[in-house]
Amino acid sequence: MISLAGRDILHAWGKFVFTGVGLGLLIGVTLVMAGVYRGMVDDGKALLDNSGADLWVVQQDTLGPYAESSSLKDDLYRTILAMPGVARAANVTYLTMQVRQGERDVRAMVVGAAAGAPAGTPGTPPYLVAGRQFTRGHYEAVADMATGFKLGDTIRIRRNQYTVVGLTRRMVSSSGDPMVFIPLKDAQEAQFLKDNDAIWQSRRRTEANPAINRPGASGVLDAVLASQSSNNFVNAILVRLEPGADPDEVARTIYRWKRLTVYTRAQMEDILVGKLIATSARQIGMFLVILAVVSAAIVAFIIYTLTMDKIREIAVLKLIGTRNRTIAAMIMQQALALGAIGFAVGKITATFAAPLFPKYVLLVPQDSIAGFFAVMAICALASVVAIRMALRVDPAEAIGG
Amino acid sequence: MATKGIRIEGLRKRYGSGDTAVDALKGVDMHVEPGEVVGLIGPSGSGKSTLLKSLGAVIDPTAGRMTLGDEVIYEQGWKVPDLRALRRDRIGFVFQAPYLIPFLDVTDNVALPPMLAGLPNTEARKRAQDLLTALDVRHRAQAMPSQLSGGEQQRVAIARGLVNRPPVILADEPTAPLDSQRAMAVIRILNDMARKYETAIIVVTHDEKIIPTFKRIYHIRDGVTHEEAGEGRGFE
Ligand SMILES: Nc1ncnc2c1ncn2[C@@H]1O[C@H](COP(=O)(O)OP(=O)(O)OP(=O)(O)O)[C@@H](O)[C@H]1O
Ligand SMILES: [Mg+2]
């Protein structure tokens with residue numbers, strides 16, 4: 001037996017290819033959407049992996065430092081370092097902002113990390129693709145390649161200039177912004193920097209306070225002013241555990257002694273995926289549903305029309321003894337072929353389009369496989385209407401009146 | 001009584017019921033012997049198509065009896081269970097319009113019924129090509145139906161009707177779209193095939209040109225048939 005569906009497709013290939021390409025673009029968009037979601041999750045995981053931390057110590061009762069703001073005194077890390085099971089502990093600050101370079105500015109996550117710290121200190125860039133780590137306490141930066149900055153570039157973060165001395169790869173925030181690492185002190189300053197007028201006004205208020213500005217005790221005023229203009233807060237303390245230490249155990253100890261909220265790697269991942277990108281995920285989910293419905297409607301309509309055009313032939317086929325099953329299979333196979341063409345076009349489109357998107361689009365094979373089966377299921381379902389119509393065709397119609 | 005060919009006795013067909021019921025066939029008697037081509041003529045609304053559909057097993061008669069060869073295929077409300085297989089294997093159809101399958105080439109259009117009956121493709125195509133040769137359209141075997149002339153299409157359609165060597169062929173106005181020369185050619189082919197394959201052929205027609213060629217004619221009027229001898233010209 002020959003394939004009726006195949007012959008019909010060859011005969012009307014223009015129609016099939018044309019519809020298949022249209023459907024394929026829709027499927028391409030769908031795959032990219034799924035890729036955007038995967039990219040967000042992967043960005044989140046990259047953020048956690050690259051931080052080099054096993055535990056995140058943050059302000060009590062916050063979901064910091066990524067999902068909520070958190071602030072801690074910068075001397076706490078020493079106490080934590082002394083706790084059993086802790087190998088390394090380091091302060092870190094995160095601040096998402098526009099970083100200027102010449103005429104342009106780039107949205108980046110500015111990370112303040114310990115300068116000149118030994119390799120493997122959490123919070124510092126784990127590996128460089130070019131250049132070196134910053135060693136000086138001030139005005140050097142390590143930038144992610146995605147910022148477009150080059151070694152030796154001068155960049156501006158708030159009021160200070162930094163020289164790019166090193167480059168990293170795939171160091172991104174949970175929203176996909178590339179990271180720029182600067183020394184912790186500079187970052188603390190950048191985070192809490194007040195403008196000159198504000199400093200001047202605050203200084204005037206302090207000076208006007210007789211309790212502080214006491215005659216005969218001029219040292220008090222100076223000390224207070226110094227503490228006001230400097231900032232000794234950080235957003236989190238990143239902890240690297242000793243090999244074999246139990247993260248939950250250490251987390252409980254830190255909480256018991258310091259009353260600080262501590263998250264393990266697994267908890268942090270839950271926060272990022274479950275809270276930070278959950279709304280985006282639902283948004284993407286909605287789009288996927290709409291695209292699926294639109295695709296189904298297109299396939300159903302096209303297959304229905306193609307079958308409508310063949311009513312007479314179907315009556316003749318039935319008259320000369322074709323089984324209903326054969327006719328249903330013909331229509332279903334055409335719908336599936338349309339889906340296969342669409343999927344191939346969509347997959348190719350998505351693969352070529354993914355790198356062009358500003359944020360990371362991660363196309364994973366499981367999504368493609370799931371997408372393929374979803375497309376096939378949708379096409380099979382969409383052909384049901386046409387099949388029902390074809391099965392109702394009376395072979396007597398072929399004989400006519 | 002003939003043991004081949006087709007025979008119907010007292011065939012009735014009522015469409016609908018109650019006040020709106022139409023008695024399209026009111027007791028039709030008819031028999032066609034193997035190798036014979038008979039004409040079926042009658043005015044519009046007389047029941048020709050209804051009779052053809054009953055013979056073609058696509059509508060159920062209301063009463064009467066139909067036998068194909070020595071097998072009863074319909075009797076007083078009882079019918080053979082697999083009408084689809086009956087149509088596929090035992091009845092050939094030729095229509096006024098050729099109704100070829102547009103997405104199959106000429107060979108596969110003709111090879112389709114044997115393929116449906118389960119013959120391997122190569123064998124089905126071989127059979128189709130033999131028949132196309134006999135019908136003088138072998139040179140168009142690879143063409144698509146849309147590339148054929150009306151007469152060629154009609155010959156391909158006849159080949160499709162004959163290819164499973166059915167004992168009965170039902171032809172509905174097969175010469176209507178053709179000029180008289182082509183019409184005569186089609187009738188000649190049907191007569192040749194009837195003789196060659198021992199087929200019983202019923203030709204429904206209005207066509208004055210071909211009526212004189214039948215040796216036997218059934219006139220149908222108001223759902224009742226009357227048999228009469230035709231002129232039988234040209235096919236002795
Ligand atoms: N499906 C149907 N339902 C009800 N009545 C029908 C149906 N089909 C045919 N009839 C009626 O049965 C009678 C016979 O119709 P039929 O189609 O057999 O005539 P015909 O001889 O083929 O006519 P024509 O030469 O015009 O094709 C007519 O009165 C017609 O109106
Ligand atoms: Mg009619």
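The values are calculated or read from the model by the stated rules, or taken from the named source; none is laboratory data. Note that this is a predicted model, so its numbers are computed, not measured. Using ideal geometry, Cβ is built from the backbone for each residue, glycine included, and neighbour counts are taken over all protein chains shown. The protein model used for the area step is the full one, side chains on, heavy atoms only, and it has no ligands, DNA or RNA in it. Shrake-Rupley method; radii C 1.70, N 1.55, O 1.52, S 1.80 Å.
In the stretch B:159-207, how many are more than 16 Å from ligand 1 (Cβ to nearest atom) and either closer than 19 Å to B:Tyr218 by Cβ or within 13 Å of another protein chain (Cβ to nearest Cβ) (or both)?
Going residue by residue through the stretch B:159-207, those that are more than 16 Å from ligand 1 (Cβ to nearest atom) are B:159-169, B:178-201.
Filter again for either closer than 19 Å to B:Tyr218 by Cβ or within 13 Å of another protein chain (Cβ to nearest Cβ) (or both), leaving B:159-164, B:166-169, B:187, B:190-191, B:194, B:199-201.
So the count comes out to 17.
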Of the residues in the stretch A:367-401, those that are of a type outside the set (A, V, I, L, M), away from ligand 1 (no atom under 16 Å from the Cβ) and open to solvent by 60 Å² or more (accessible area, probe 1.4 Å) come to A:Phe372, A:Phe373, A:Arg388
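Residue-wise test of (1) in contact with a strand residue (DSSP E or B) (Cβ under 9 Å, 6 or more places away or on another chain); (2) under 30 Å from A:Leu338 (Cβ atoms).
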site: A:Ala208; (1), (2): no, no
site: A:Arg214; (1), (2): no, no
site: A:Pro243; (1), (2): yes, no
site: A:Gln267; (1), (2): yes, no
site: A:Phe287; (1), (2): no, yes
site: A:Ala297; (1), (2): no, yes
Of B:Leu104, B:Leu100, B:Leu25, B:Leu112, the only residue that is at pLDDT 90 or above and either within 16 Å of ligand 2 (Cβ to nearest atom) or hydroxyl-bearing (Ser, Thr, Tyr) (or both) is B:Leu25
The number of residues in the stretch B:28-59 that are within 16 Å of ligand 2 (Cβ to nearest atom) and farther than 23 Å from B:Asp207 by Cα is 2
For the stretch B:116-129, the count of residues that are surrounded by 15 or more Cβ atoms within 10 Å (Cβ to Cβ) and at positive phi equals 0
Reported set for the stretch B:29-54 where residues are within 12 Å of ligand 1 (Cβ to nearest atom) and over 14 Å from B:Tyr218 (Cα atoms) is B:Ser44, B:Gly45, B:Thr50, B:Lys53, B:Ser54
Tell me, please, whether a residue that is acidic (Asp, Glu), away from chain B (no Cβ under 14 Å), open to solvent by 30 Å² or more (accessible area, probe 1.4 Å) and in a helix (DSSP H, G or I) can be found in the stretch A:60-72. no
Of all helices (runs of 4 or more DSSP H) fully inside the stretch A:276-354, the set with 1 or more residues that are modelled with pLDDT of 90 or more, open to solvent by less than 20 Å² (accessible area, probe 1.4 Å) and hydrophobic (A, V, I, L, M, F, W, C) is A:311-319, A:324-353
May I ask you to verify whether B:Ser149 is open to solvent by 20 Å² or more (accessible area, probe 1.4 Å) and more than 9 Å from every other protein chain (Cβ to nearest Cβ)?
yes
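Yes/no per residue for (1) out of contact with any Asp or Glu (no Cβ under 7 Å at 6 or more places or on another chain); (2) without any contact (Cβ under 8 Å) to a residue 12 or more places away in the chain:
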| site | (1), (2) |
| --- | --- |
| A:Ala315 | no, no |
| A:Arg325 | yes, yes |
| A:Leu356 | yes, yes |
| A:Leu381 | yes, no |
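What is the residue count in the stretch A:378-401 for residues that are away from chain B (no Cβ under 11 Å) and modelled with pLDDT under 85?
We begin by selecting, within the stretch A:378-401, every residue away from chain B (no Cβ under 11 Å); these are A:378-393.
Adding the requirement that they be modelled with pLDDT under 85 leaves none.
Adding up the residues that qualify gives 0.
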Given the conditions (1) more than 8 Å from chain A (Cβ to nearest Cβ); (2) touching a residue at least 24 places away in the same chain (Cβ under 8 Å); (3) part of a helix (DSSP H, G or I), every one holds for B:Glu123 apart from (2)
By residue number, the members of the stretch A:1-29 that are under 15 Å from A:Val299 (Cα atoms), within 14 Å of another protein chain (Cβ to nearest Cβ) and small (Gly, Ala, Ser) are none
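Somewhere in the stretch B:78-95, is a residue within 16 Å of ligand 2 (Cβ to nearest atom), over 19 Å from the mean Cα position of the chain (by Cα) and more than 23 Å from A:Arg392 (Cβ to Cβ)? Step through it out loud before you land on a result.
Our first condition is that a residue be within 16 Å of ligand 2 (Cβ to nearest atom); within the stretch B:78-95, this holds for B:93-95.
Right, trim to over 19 Å from the mean Cα position of the chain (by Cα) and you get none.
The answer is no; no qualifying residue exists.
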inquiry  = For the stretch A:311-318, check the following and say yes or no: at least one residue is more than 14 Å from chain B (Cβ to nearest Cβ) and of a type in the set (D, E, K, R).
reply    = no
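Return the only residue of A:Arg136, A:Arg169 being of a type in the set (D, E, K, R) and either over 23 Å from the mean Cα position of the chain (by Cα) or crowded, with 19+ Cβ neighbours inside 10 Å (or both).
Details: A:Arg169 fails: either over 23 Å from the mean Cα position of the chain (by Cα) or crowded, with 19+ Cβ neighbours inside 10 Å (or both).
Only one candidate passes the filter, namely A:Arg136.
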